Amino acid sequence: MAKKRRIGRCERKTRETSILVELNLDAPARAGKGIRTSVPFMDHMLTLCSAHGGFPLAVRASGDTKVDDHHLVEDLGICFGKAVKDALNGSPSYRRYGEATVPMDEALVQVVLDLSGRSYLAYGLKPGAKRIGSFDASLIEEFFLGFTRNVPCTLHIRQLEGRNAHHIVEAAFKSFGLALGRASVSGGPFSKVPSTKGVL
C-alpha cells in the first residue's frame with residue numbers, strides 16, 4: 001500500500017487578512033506553487049524556509065498592510081502552524097525532534113524544535129535594527145508565536161552570533177526550515193509514536 005502523502009492546508013479569512021497556506025511534508029521543495037504574501041520580506045523568508053526544509057510551500061496572502069504588516073505576519077504564522085498540524089494529523093509517527101544551526105556570514109542561529117503537542121516559544125533573536133528595509137523586525141517574533149501556538153510545538157530560537165539584522169533573520173528561517181524538515185521525517189526508524197507515553 002502506498003504511503004499516504006502528508007499534505008496540510010489552512011485557509012483563514014478575517015476582516016484584516018485573507019490567507020491560504022498549503023504544504024506537503026513528503027514532496028520535494030521544487031514542487032511548490034510559489035509564495036506571494038504581499039510582504040516581500042516574508043516572501044523571501046518563507047521561500048528560504050521551504051527550500052532548506054525540503055518541503056513545498058504555497059502561500060497566497062493579502063491584508064491591511066496599509067495600516068502595517070502586523071496582522072498579516074501574525075496570521076501567516078497562525079496559518080503555517082495550522083497547515084503543519086493538518087499534515088501531521090495523518091501521521092501518528094515522525095521523528096518529533098529537529099535541530100539546525102545555520103551561519104549567514106557573521107550571523108549564526110540555532111533552532112531546536114519539538115513537535116510535542118505543547119506550545120512554547122523561547123525567542124532569542126536580537127536583530128538590533130528596528131527595521132529591515134521597510135519591514136518591522138519585531139514582527140518575526142509574532143510569526144513564530146503564531147506558529148508555535150497552532151501546531152502546537154516547542155520552539156527555541158537562539159542567536160549565537162550576528163550584527164546584520166537581515167543576516168540574523170535569514171539564518172533563523174533557514175534553521176527553522178531545516179529543523180522542521182528533520183522533525184517531521186516519518187517511516188523507517190520513525191514508524192512509532194515518538195513518546196514513551198504512546199501518545200503525544
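Values computed for the structure shown
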{"read-out": "Residue that is farthest from Leu113 (Cα to Cα) [pool: residues in the range 33-64 that are out of contact with any Ser or Thr (no Cβ under 6 Å at 6 or more places or on another chain) and assigned to a loop (DSSP other than H, G, I, E, B)]", "value": "Asp64"}
{"read-out": "Test set (1) in a loop (DSSP other than H, G, I, E, B); (2) crowded, with 16+ Cβ neighbours inside 10 Å - Asp68 fails condition number", "value": "(2)"}
{"read-out": "Residues of the range 72-96 classified as more than 17 Å from the chain's Cα centre (by Cα) and closer than 16 Å to Phe41 by Cα, total", "value": "0"}
{"read-out": "Residues satisfying the stated conditions in the range 108-137, i.e. in contact with a helix residue (DSSP H, G or I) (Cβ under 7 Å, 6 or more places away or on another chain) and part of a loop (DSSP other than H, G, I, E, B)", "value": "Leu115, Ser119, Leu125, Pro127, Gly128, Ala129, Gly133, Ala137"}
{"read-out": "Meets criteria (in contact (Cβ under 8 Å) with a residue 24 or more places away in the chain, surrounded by fewer than 21 Cβ atoms within 10 Å (Cβ to Cβ) and not small (Gly, Ala, Ser)) for Leu160", "value": "yes"}
{"read-out": "Residue in the range 110-131 that is free of Cβ contacts under 8 Å to residues at least 40 places away in the same chain, under 22 Å from His52 (Cβ atoms) and surrounded by fewer than 16 Cβ atoms within 10 Å (Cβ to Cβ) present", "value": "yes"}
{"read-out": "Residue among Tyr94, Tyr123 that alone is among the hydroxyl-bearing types (Ser, Thr, Tyr), touching a strand residue (DSSP E or B) at 6+ places or on another chain (Cβ under 7 Å) and modelled with pLDDT under 95", "value": "Tyr94"}
{"read-out": "Residue within the range 102-110 that is more than 22 Å from Ile19 (Cβ to Cβ), over 12 Å from the mean Cα position of the chain (by Cα) and among the small types (Gly, Ala, Ser) present", "value": "yes"}
{"read-out": "Single residue of Arg163, Arg149 found to be modelled with pLDDT of 95 or more, of a type in the set (Lys, Arg) and outside any loop (DSSP other than H, G, I, E, B)", "value": "Arg149"}
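The values are calculated or read from the model by the stated rules, or taken from the named source; none is laboratory data. Predicted, not measured: the structure shown is a model, and the values here were computed from it. Here the Cβ is made from the backbone with ideal geometry for all residues, glycine too, and neighbour counts use every protein chain on show.
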